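Below is one structure; the comments refer to it alone.
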Amino acid sequence: MSAVFALLLRTIGVGGCAFLALYVYDWGLPGASRIPYLSNIPIIGDLTTGRAHSYAADQVRIATAAQKAQCEARLEKTVSTFQYEALAAQVAEERRRRLIADLLTTEASKRAEAALRAKSEAQAELEARIAADRGDDGGRWTEEDRQWDGKH
């Protein structure tokens, strides 16, 4: 390594070596960025990939992180919107079912009231017929009663 440095110093001089050192520091060694994980090593990574490439990579990481955050926020909003729409549809279905149940309950109540009225009327008619029955049979079955009982 020192032989290479001595050869460069004799060939291009101190100014040329300083220029090359600054160039490598700024732009990195050509082809070194293709070596995996080399840029992750502190100091060596900066020297091999170069400060300009490191800055550009940092800017790309920052922009990617910002875009990822925006994307996740949109996704969260989309999921929230989807959940809201699903819940709204569920509430609408529950309201529809409640309305149907209310209508059925009203109809059942009307039928129950009509049945109670019919029962009361039948009971009143039966009591009237019992009160009107003043026959001399003394509550015994007659032939007419037996015929009626056989038919019903």
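Worth a mention:
- Between Val79 and Gln59, the C-beta separation translates, for a Förster distance of 30 Å, into a calculated FRET efficiency of about 0.50.
- For Ala115, neighbours were defined as the other residues whose beta-carbon sits under 15 Å from its Cβ, and their charges (Lys and Arg +1, Asp and Glu -1) total +1.
Computed from the coordinates by the stated procedures, all read-outs in this text should not be read as laboratory data. Since the model is a prediction, treat every value here as computed from it, not as a measurement. In this analysis, Cβ positions are derived from the backbone assuming ideal geometry, glycine residues included, and neighbour counts consider all displayed protein chains.
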